[in-house]
Amino acid sequence: MRFLSLTLCFFAINLYADSQIRILSTTSIRDSGLYEHILPYFEDKYKIKAHVIATGTAHAINNARQCNGDILITHAKNFENEFVRNGYGLLRSNLMYNDFVVVGPKSDPINTKESKKVTEVFSKIQDSKSNFVSRGDNSGTHLSEINIWKNPDLTQPDGIIDTWYLESGQGMGATLNIAVGLNAYTYSDRATWLKFSNKQGHTILFDNDEIMKNQYGIVKINPNHCKNINHRASNMFYNWITSKEGQDLIASYRLNNQVLFIPNFNN
């Protein structure tokens, strides 16, 4: 009888585990509201509950390395490819993209909106020592920002010496709140900014530089490395979100009639 009870308990635990998927994700996708738009369709179709664990990209990849999730969606292609090369992932595919924007006070005292390139924007911020709030968290957004500062015409700021350069160490929503509170400039993904409700006197001041493209990738975690992951649910989710149905749902998500993400699986 005891053996039967233990067997039934083990079966129930495995059945529960098989009916859920843990999505290791960036905070920017969560903050944009995309998951709330698309995941109910997946859950209804496959009867699998999706749990989103949202952190900065570096943290999300580390969580995947430690087998704390079933599938990975981030926006740092070099890190994602390295994750696969090192045997932690099976494959990495493009999923969707949008772009980054420079957000700041509408008054724009240093006239960033007249700039031709984002490096010119950053140069004006640095030369004027205008307050700038960085994510400072090794997220995909932070890595994109740092890549701009590495331009030969710029000097990468030091968060200790350069008092105008502030590092929040937090997600995009919290970073935007700090920037608004300090009347500062910041670097954000477009989707989170459009969803953000505390804009007050801030607006998008600069966009449309080719180096500000924000590519998201989806990575299958290697079940040979992570024995505990729900590989079946991971495959189902990957196949669904990269299918026409999943890609069309991504494309259909809008705020104020603006498209937030452009699907580009296999491109």
Quick one: which residue in ALA179, ALA251 is within 15 Å of ILE29 (Cβ to Cβ) and either modelled with pLDDT of 95 or more or outside any helix (DSSP H, G or I) (or both)? ALA251
Quick one: in the range 45-66, which of the residues that are in contact (Cβ under 8 Å) with a residue 40 or more places away in the chain and part of a loop (DSSP other than H, G, I, E, B) is farthest from TYR35 (Cα to Cα)? GLY56
Would you pick out the residues in the range 163-176 that are polar (S, T, N, Q), within 21 Å of ARG30 (Cβ to Cβ) and without any contact (Cβ under 8 Å) to a residue 40 or more places away in the chain? SER168, GLN170
Test of understanding: among ILE160, ILE146, which residue is free of Cβ contacts under 8 Å to residues at least 24 places away in the same chain, under 21 Å from SER25 (Cα atoms) and assigned by TED's automatic domain parsing to the domain that holds LYS106? ILE146
Of all residues in the range 203-235, which are within 21 Å of the chain's Cα centre (by Cα), of a type in the set (A, V, I, L, M, F, W, C) and assigned to a helix (DSSP H, G or I)? ILE211, MET212
What number of residues in the range 98-119 are closer than 26 Å to LEU260 by Cα and either acidic (Asp, Glu) or surrounded by 16 or more Cβ atoms within 10 Å (Cβ to Cβ) (or both)? 15
Go over the candidates GLY140, GLY69 one by one and state the one that is closer than 20 Å to LYS227 by Cα and touching a residue at least 60 places away in the same chain (Cβ under 8 Å). GLY69
Among the listed residues ASN151, ASN147, which satisfies the condition of being in a loop (DSSP other than H, G, I, E, B) and either of a type in the set (S, T, N, Q) or surrounded by 20 or more Cβ atoms within 10 Å (Cβ to Cβ) (or both)? ASN151
Pick out the one residue from THR192, THR119 that is closer than 30 Å to ALA251 by Cβ and either at pLDDT below 95 or outside any strand (DSSP E or B) (or both). THR192
If I ask for residues that are closer than 23 Å to LYS227 by Cβ and either touching a His at 6+ places or on another chain (Cβ under 6 Å) or of a type in the set (Asp, Glu) (or both), which ones from the range 21-53 would you list? ARG22
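The values are calculated or read from the model by the stated rules, or taken from the named source; none is laboratory data. Since the model is a prediction, treat every value here as computed from it, not as a measurement. All Cβ positions, even for glycine, are placed from backbone atoms using ideal geometry, and neighbour counts span all protein chains on display.
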